[in-house]
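Below: the structure, in structure tokens.
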Amino acid sequence: MITPATNTTPEVSILKQYIGGKWVDGSSSREIISTNPADNRQILAKLTGADKTDVLRAIDAASKAFPAWKATTPPARGRILMKAALLLRERKEELARLMTLEQGKILPEALGEMEKGITLIEWFAGEGLRLGGITQPSELAKNLLYTTRHPRGIVSIITPWNFPFAIPAWKIAPALIAGNCVIFKPASLVPALAVALVKVFEDAGLPPGVLNLVLGSGSAMGDILVEEPRIKAVSFTGSNEIGKRIHTICGARGIPVVCEMGGKNPAVIWEDADLELALGGVIKGAFGSTGQRCTATSRLILHVAIADKFLKMLLTEVAKIKVGNGMDTATGMGPAVDESQLKTNLDYIEIGKKEGAKLLCGGNRLTKDEYAHGWFVEPTIFDGVNPKSRLWQEEVFGPVLAVARADDFDKAIELANDSPFGLTCAFYSRDLTLAMRFTQEVEAGMVHLNSPTIGGEAQVPFGGVKGSGVGEREMAKEGLHFFTEQKTVFLDYTGSRRASNLY
Ligand code: UN1
């Protein structure tokens, strides 16, 4: 039986929406309640959810703010972003603690996510000094050809609960530096962190209406964040189901969209791999962030020659992972984010068993003593997983690892590519020729050689192929360019009435 969250402590924060530079209550009758996934009796924050009318108000505010924000020079916009990054560095530990309380990831992971998000904001702040186009020679004498970049207008940013700081940061920062006004809709499981992030931008001097926060259930807001004619681009990270829907609506409207969706990322451990190195990478990739990462390692492909040895090493190491409250320094893996994700994890464990895969470890919810009020599940590994099975093909988004074996390289590639997803992957080997073949043949947007499937860096593109993503890559120049329109300028300075022309 799951104990309902009833314990309202005096520290409960009452949160607000941020619309047109003002903190206001939402108009929905639905209350959003943020609880601690490690102890669901602890209520962290509450707020009245937003509905369509709030989104429309936010779009009105953004429309009013847009002309002046667009006219602000990119370097000046960059200085506001840099101020936000500096404030975030001061508040880093405080926000990491809030993240652990609200999302459940262990404190070192929360600190890592803070660092990553801040670096992303710093990187995009610097782009304010580089938001130029290109100059090219013309076919015609005394003609200048160049391009400029401009904001798209008002953009919707819709983000998930698993990286409640870094994902909003990597979308909001490029949108702002490019001169757009933003309607930000974070997942309603992580409202306190979203409010904290927006507050930092307010404190950094972002003008009212440039960044608006609407917090509430997707059903109360409906599709208005995507359908409203004044929304000129949409950036989304989340499930395939919602991503496809958003993509379809944006396609029908003819507006640009980026959807970063699921993953079912394989790590291939070759016979000549440094097994200790691979072990660390698989543990981090599969069970870090409780497997709640679109970049998580969820499929493990072992060369038959080392498979048994590696699994033995893996089981010994997994047995040492202490599941628990992420605030406790001894904890190696936190809870699932909520009851629904916990149920999904347990459902897939049952599916794996029914499909005939061999359960090597884990498989259970933890409910006793310190676990009684949280959404805890054991790190779980299945061996002998059939590549056609649901456990091999579908994203769990939890600490459930599916193992299969390969006796030659072609088989390993076939297993790796036998997936509707293609976000990231890892190959552990000392053989450079094989590693380069893997890099060429694997169907993925990102390849890790001798490193875990997870992670991304501000200065390089992030994203996947197949069901993992549509639209432009995120982060780096690509992430910035998504939020801009280009203009190509043909300037004829011959000055004569017989100006040259191409026919
Ligand atoms: C990472 O692996 O550090 O939702 C980033 C996700 C990805 C981000 C992963 N968009 O898990």
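What follows is calculated from the coordinates using simple rules that are stated; it is not laboratory data. This one's a predicted model, so the numbers in the text were calculated from it and none came from an experiment. Here the Cβ is made from the backbone with ideal geometry for all residues, glycine too, and neighbour counts use every protein chain on show.
I need the shape label for segment 242-313. Rule: rounded when a/c is under 1.5, else prolate if a/b > b/c, else oblate, with a, b, c from the alpha carbon gyration tensor. Here segment 242-313 falls in the prolate category.
Counting Lys and Arg as +1 and Asp and Glu as -1 over every other residue whose Cβ lies under 10 Å from the Cβ of LYS52, the net charge comes to -3. Judged by the gyration tensor of its Cα atoms, with axes a ≥ b ≥ c, segment 22-141 is oblate; a/c meets the 1.5 cut and b/c is at least as large as a/b. Roughly how tilted is helix 275-287, in degrees to the nearest 10 and between 0 and 90, from the longest Cα axis of the chain? Between helix and principal axis, roughly 70 degrees. Note on ASP60 and LYS388: their simple-model spin labels are 5.8 nm apart, each label 7 Å out from Cα toward Cβ.
Taking 0.36 nm per residue of separation and subtracting the Cα-Cα distance, full extension of the segment from ASP328 to ASN450 would add 40.9 nm. Legend: residue pairs LYS199/LYS284; LYS16/LYS199; LYS284/LYS411; LYS116/LYS477, Cα-Cα distance threshold 22 Å; pairs beyond threshold, LYS199/LYS284; LYS284/LYS411. Phi angles across segment 335-343 convert, under the Karplus curve 6.51 cos²θ - 1.76 cosθ + 1.60 with θ = phi - 60°, into 3J(HN,Hα) values of x, 5, 5, 7, 5, 5, 5, 4, 5 Hz, Gly and Pro given as x.
Here the chain is assigned +1 on the Cβ of each Lys and Arg and -1 on the Cβ of each Asp and Glu. Its dipole about the Cα centre then comes out at about 1600 debye. Here the spin labels are modelled as points 7 Å beyond Cα on the Cα-Cβ line, and at THR53 and LYS244 they lie 3.5 nm apart.
Taking the centroid of alpha carbons for each part, segment 85-144 and segment 456-476 are 15 Å apart. In the chain, a dipole from Cβ-located charges (positive for Lys and Arg, negative for Asp and Glu) runs towards its positive end, and of ALA110, ILE242, VAL377 it is ILE242 whose Cα lies farthest in that direction. Listing GLU355, GLU127 from fewest to most neighbouring C-beta atoms within 10 Å gives GLU355, GLU127. Summed over qualifying helices (DSSP H, 4 residues or more, each -39500 (n - 2.57)) and divided by its residue number, the chain shows a 222 nm mean residue ellipticity of -12000 deg cm²/dmol. The protection proxy used here, the mean number of other Cβ atoms lying within 10 Å of each residue, ranks peptides 406-413, 363-370 as follows, highest first: 406-413, 363-370.
If one computes P(r) from the Cα atoms of segment 411-501, what percent of pairs lie at distances over 16 Å? Distances greater than 16 Å cover 66 percent of the Cα pairs.
For GLN42, the residues whose amide H sits under 5 Å from its own are ASN36, ignoring neighbours fewer than 5 places away on the same chain, with H placed 1.01 Å from N. On the beta carbon distance between GLN459 and ASP203, with R0 = 41 Å, the FRET formula returns roughly 0.95. In order along segment 96-102, the phi-based Karplus estimate (6.51 cos²θ - 1.76 cosθ + 1.60, θ = phi - 60°) of 3J(HN,Hα) comes to 5, 5, 4, 5, 4, 5, 8 Hz; Gly and Pro are listed as x. Oblate is the label for the chain, because a/c, from the alpha-carbon gyration tensor with a ≥ b ≥ c as root eigenvalues, is 1.5 or above and a/b does not exceed b/c.
Listed by chain and number, the aspartates and glutamates placed with their C-alpha closer than 16 angstrom to that of LYS320 are GLU276, ASP328, GLU378; residues fewer than eight positions away on the same chain are left out. A Förster radius of 25 Å, combined with the Cβ-Cβ distance separating GLU90 from LEU129, puts the computed FRET efficiency at roughly 0.60.
For LEU15, the residues whose amide H sits under 5 Å from its own are LYS46, LEU47, ignoring neighbours fewer than 5 places away on the same chain, with H placed 1.01 Å from N. Taking max minus min of the alpha-carbon positions on each principal axis, segment 105-252 gives extents of 61, 37, 30 Å, largest first.
For the pair ASP418 and SER496, a Förster radius of 60 Å applied to the C-beta separation gives a FRET efficiency near 0.40, rounded to the nearest 0.05. Full extension of the segment from LYS477 to ARG41, taken as 0.36 nm per residue of separation minus the current Cα-Cα distance, would add 152.6 nm. Applying the Karplus relation 6.51 cos²θ - 1.76 cosθ + 1.60 with θ = phi - 60° to segment 112-129 yields 3J(HN,Hα) values of x, 5, 4, 4, 5, x, 5, 4, 4, 5, 4, 4, 5, 4, x, 5, x, 8 Hz, where x marks Gly and Pro. Segment 205-282 and segment 329-363 have Cα centres lying 24 Å from one another. Peptide packing: for 161-168, 77-84, 33-40, the average count of neighbouring Cβ atoms within 10 Å per residue gives the ranking 161-168, 33-40, 77-84, highest mean first.
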